[in-house]
1. In Å², what does the accessible area per residue of segment 1-92 work out to with a 1.4 Å probe?
2. If you roll a 1.4 angstrom probe over the protein chains with everything in place, what fraction of the accessible area of segment 1-98 belongs to carbon and sulfur, to the nearest %?
3. May I ask you to derive the relative contact order of segment 1-69, considering only C-alpha pairs under 8 Å and at least 6 residues apart, and to give it as an integer percent?
4. Determine, for each peptide in 138-148, 163-173, the mean count of other beta carbons within 10 angstrom over its residues, then list the peptides with the highest first.
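The values are calculated or read from the model by the stated rules, or taken from the named source; none is laboratory data. The structure displayed is predicted, hence computed values, not measured ones. Counting neighbours? That spans all protein chains shown, and the Cβs are built from the backbone with ideal geometry, glycine included. Quick note on the areas: whole protein, heavy atoms, side chains included, nothing else; ligands and nucleic acids left out. Shrake-Rupley method; radii C 1.70, N 1.55, O 1.52, S 1.80 Å.
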Amino acid sequence: MSVSPSDQELIERIRARDQDALALLYDRYARPVYSLALHILHDRRAAEDVVQDAFLTLWQRPETYISERGAFGPWILRVARNRAIDLLRRRSRETFHDDDRGAPFEERIVDPDPEPGDQIWTHTVADRVRAALEELTPAQREVIELAYFRGMTQSQMSAHLDVPLGTIKTRVRTALRRLADILEEVEVWTDVP
């Protein structure tokens, strides 16, 4: 029985331009990345593009992932989330529908017709993420919720909370690092069905 290489070993191989290493990481993380993008965009083709773009970013600029800042799983999801939200914002500027006006961001990121496997995966991960969020301080949890569920930038959070931008950046960085540590402890990225 062979032991599969760790994410960090695969990243090192990608830095040495090993395409097989990229394929292994893709096989591990493409499904959760796609699921996240689909939940944000409600568009299968656009979600596929986000997956491709996230892994292309890794291939073209592997140095953007810094292991000291956290585990690879949360990092690739963050890259995909940012790409998907950028795409969503671009679309909303291009075509703004009156019926979307005032709909909270979190209501627009739910897939109206998820696959059964995606539902199981989503619920399992959501339960683990909710539990991890409860371990954050209230200030850390607040900035994560504003960023991920309301789509606010750090500057917008600073204005909304009337807190200096530097403090917001520190809270976000600390909260993300803590979440990555908690989720890695429960192996959220590797033991999901």
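1. Values: 4930 Å² over 92 residues.
Result: 54 Å² of accessible area for each residue.
2. On the way: 2790 of 5640 Å².
Percent of accessible area from carbon and sulfur atoms in segment 1-98: 49.
3. Values: 39 pairs, mean separation 20.7, N = 69.
In percent, rounded to a whole number, it is 30.
4. Details: 138-148: 17.6, 163-173: 15.4.
Ranking, from highest mean packing down: 138-148, 163-173.
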